[in-house]
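Engineer: Here it is: the structure, laid out below.
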């Protein structure tokens with residue numbers, strides 16, 4: 001078993017790019033299922049997802065995990081974003097939510 005060298009949250013789009021680099025013949029069953037899933041549900045190019053994650057962490061003071069959750073869902077409206085972030089049990093100002101939506105619109 002390989003040693004874990006780094007733990008990092010990655011979006012569905014980034015997972016798709018990582019698995020695309022693999023030879024399908026060497027993938028185990030879970031990797032193939034995962035690749036099938038991310039191929040269906042990735043909403044953007046991995047470069048855009050990385051940029052969005054960076055921008056949300058820097059400009060909106062989100063954790064990497066929070067940014068990835070938002071990127072994977074790509075909410076389109078303030079109410080959709082509010083209902084999603086409500087479960088985080090931390091107050092996110094309307095101004096920050098507007099920045100998040102702006103980042104999504106600019107990169108998707």
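Engineer: Just need a number here: residues in the stretch 38-67 that are under 12 Å from residue 16 (Cβ atoms) and either touching a strand residue (DSSP E or B) at 6+ places or on another chain (Cβ under 6 Å) or surrounded by 14 or more Cβ atoms within 10 Å (Cβ to Cβ) (or both).
Structural biologist: The qualifying residues number 7.
Engineer: Output yes when any residue across the stretch 12-22 is closer than 19 Å to residue 99 by Cα and at pLDDT 95 or above, and no when none is.
Structural biologist: Initially, the stretch 12-22 is screened for residues closer than 19 Å to residue 99 by Cα, giving none.
There is no residue in the stretch 12-22 that is closer than 19 Å to residue 99 by Cα and at pLDDT 95 or above.
Engineer: While we're on this one: Residue by residue through the stretch 33-45, note down the ones that are touching a helix residue (DSSP H, G or I) at 6+ places or on another chain (Cβ under 7 Å) and more than 19 Å from residue 76 (Cα to Cα).
Structural biologist: Selection gives 34, 35, 38, 39.
Engineer: For the stretch 86-108, give me each residue that is within 14 Å of the chain's Cα centre (by Cα), assigned to a helix (DSSP H, G or I) and at pLDDT below 95.
Structural biologist: Within the stretch 86-108, just 107 meets the criteria.
The values are calculated or read from the model by the stated rules, or taken from the named source; none is laboratory data. Bear in mind that the values here come from a model prediction, so they are computed numbers and not experimental data. Cβ: placed from backbone, ideal geometry, glycine included. Neighbour counts: every protein chain shown.
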